[in-house]
Amino acid sequence: MNSIRLKYCTVCNESFGCGNESESQKCWCNELPPIFTLDGISDCLCPSCLKKATISKIEEYVATITPENALENKAKDLPKTTHFIENIDYYMENEKYVFTKWFHLKRGSCCGNGCRHCPYN
């Protein structure tokens, strides 16, 4: 059963499909972290605007994390995912993956490998 609806982004007015394609295939928005509410947004955003808003909210949140409060962060309590999102969980540098501070916060502890963006040091 297809329950995809045509919607218009409340930020850019671009049209996009919203909804679950089937019981097993959820809406594309479920790929992004479900951790933040977006102030002033009353309806769905298109994929581009939602990713930008999510990145912005993550950056705001990550900026509040110090080694002293890192173990108590709310990202570690998110459902575990099997995929990584570029510019949220990692970025590319010289054809190599560099994991972000957000990725490490979701992990919930230091792995001991001296990662560049480790919040637990």
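The values are calculated or read from the model by the stated rules, or taken from the named source; none is laboratory data. Since this is a predicted model, take the numbers as computed values, not measurements. Methodologically, a virtual Cβ is constructed for each residue, glycine included, from the backbone with ideal geometry; neighbour enumeration extends over all protein chains shown.
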Any hit, the range 70-89, residues being over 30 Å from SER3 (Cβ atoms), out of contact with any helix residue (DSSP H, G or I) (no Cβ under 8 Å at 6 or more places or on another chain) and either touching a residue at least 60 places away in the same chain (Cβ under 8 Å) or in the same structural domain as CYS9 (by TED's automatic domain parsing) (or both): no
Leading residue by the ranking (surrounded by the most Cβ atoms within 10 Å (Cβ to Cβ)) among those in the range 69-101 that are under 12 Å from the mean Cα position of the chain (by Cα) and hydroxyl-bearing (Ser, Thr, Tyr): THR100
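Sort out which residues of the range 64-91 are in a helix (DSSP H, G or I) and within 20 Å of ALA53 (Cβ to Cβ), and write them in order of number. Please lay out each step first, then the result.
Residues of the range 64-91 in a helix (DSSP H, G or I): 70-72, 75-77.
Scanning the range 64-91 gives a single hit, ALA75.
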Scan of the range 55-68 for residues that are loosely packed, with under 13 Cβ neighbours inside 10 Å and more than 19 Å from CYS115 (Cβ to Cβ), ordered by number: SER56, GLU60, THR64
Some residue of the range 6-19 being of a type in the set (Lys, Arg), at pLDDT below 95 and in a strand (DSSP E or B): yes
Test set (1) free of Cβ contacts under 8 Å to residues at least 40 places away in the same chain; (2) not assigned by TED's automatic domain parsing to the domain that holds PHE16 - LEU105 fails condition number: (1)
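Out of CYS29, CYS110, CYS46, report the one residue that is surrounded by 15 or more Cβ atoms within 10 Å (Cβ to Cβ), touching a Phe, Trp or Tyr at 6+ places or on another chain (Cβ under 6 Å) and in the same structural domain as LEU6 (by TED's automatic domain parsing). Quick ask: steps written out before the conclusion?
Details: CYS29 fails: touching a Phe, Trp or Tyr at 6+ places or on another chain (Cβ under 6 Å); CYS110 fails: in the same structural domain as LEU6 (by TED's automatic domain parsing).
On inspection, the qualifying residue turns out to be CYS46.
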